[in-house]
Every structure is written in structure tokens, then in C-alpha cells.
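Let me begin by presenting the structure, written as C-alpha cells, before commenting on it.
Readers should treat all values here as calculations from the given coordinates under stated rules, not as data from a laboratory. Predicted model only: the values in this text are computed from it and were never measured. Quick reminder, even Gly has a Cβ in these numbers, built from the backbone with ideal geometry, and neighbours come from all protein chains shown.
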Amino acid sequence: MAKHPPLTDQDLFEIEALACDATPGPWEAQTVLDFQTGESTRVVAHAPASGDEYVYVVERDGEMAEEDQRYIAALHPDAALRLVREIRRLRRVEERHQSLCSVLQHLNTFLERRGLVSQAQRFVEVRAQLERIHPEALDAETPGTAAAPARGRARPVSVV
């Protein structure tokens, strides 16, 4: 399966511009009956909030506005699927963000109950300063990775 790159800001700007130029929504598919001939035609119409008169966006034999043509062409199924994928990706990011915020709230409550908030804040400040001075030194200490022992330093030995 091919990797689908997320939409760029330019992609989003172009879709937004086309949507602003097109006939406003919502659009709805309808079947229109011609009372003189008895024929029915499928159309896409917009009912403006200001009145009861439908504006036909797409008619079988009618002419479609150029702005609506560009909008429909730009939002072909592949483009719509890219938008859906992007929305789902952003929802996953938001879920992770909310989860992280929840963990941080619990951590803050834990630290407050034990009177450790100021010490934790100082630790974060010192760590940030060290990262600016020596970022590579802290990479080795990242949790989940084994830090290499410093040269010339003896490893602790347990005696049983």
C-alpha cells in the first residue's frame, strides 16, 4: 500500500479557495420532474436560506458555473479520501495529546501531594539548560536505552 503524504498548507489553501468560490452549501441530490414533458432529471441543488427557490448547481442539460466545475474536479474521490485520512490522523494526534495531558495532570497531583513541585520544576529547568549546552550527553541517559559507562569509571560490583 502506498504511503499517502499529508496535505500541505498549499493543498489546503487551494481547496479552501475553491470552496469559497463555489456555490455555497449544503448541496443535495434531487430528482426534478418536468411537468410539461413528464421527464425526470437528476440535479444537485442548493436552497438558499433567504428563500424557497432552489439554485441548481448541476443540471443534466444546464450549464454549470465554472467555479463549481473547478470545485467538483478538485474534490474528486482521491482528494476527499486524502482529507478524511488527514482528519483521522489529526484525531489520533489529539487523542495522544489528551492522554499525555491526563498523565501530566496525575503527575502534578502526585508531586503536589508530596510537596515536590518546586524540586520537579527545578529539575526541568536544569535539564533544559543541560540540553542546550550538551544535547548529546543527555541522549545516552534517555529512559529505555542503556547508557555506556564512562571510561575509567569502575562498575559497581555486588558481593554476595
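Using Cβ point charges alone (K and R +1, D and E -1), the dipole size of region 59-115 about the Cα centre works out to roughly 900 debye.
Rounded if a/c is under 1.5, else prolate if a/b beats b/c, else oblate: with a ≥ b ≥ c from the C-alpha gyration tensor eigenvalues square-rooted, which is region 22-146? Prolate is the answer for region 22-146, as a/c is 1.5 or above and a/b outweighs b/c. The distance from the alpha carbon centre of region 41-101 to that of region 106-138 is 47 Å, rounded to a whole number.
Annotation: amide H-H contacts under 5 Å for Val55 (H modelled 1.01 Å from N, sequence separation of 5 or more, or interchain): His46, Ala47. Computing FRET efficiency as 1/(1 + (r/R0)^6) for Asp9 and Leu104, where r is the C-beta to C-beta distance and R0 is 22 Å, gives about 0.15. Working note: Karplus 6.51/-1.76/1.60 with θ = phi - 60° gives region 36-48 the couplings 7, 9, x, 8, 10, 9, 7, 9, 10, 10, 10, 9, x Hz, where Gly and Pro are set to x.
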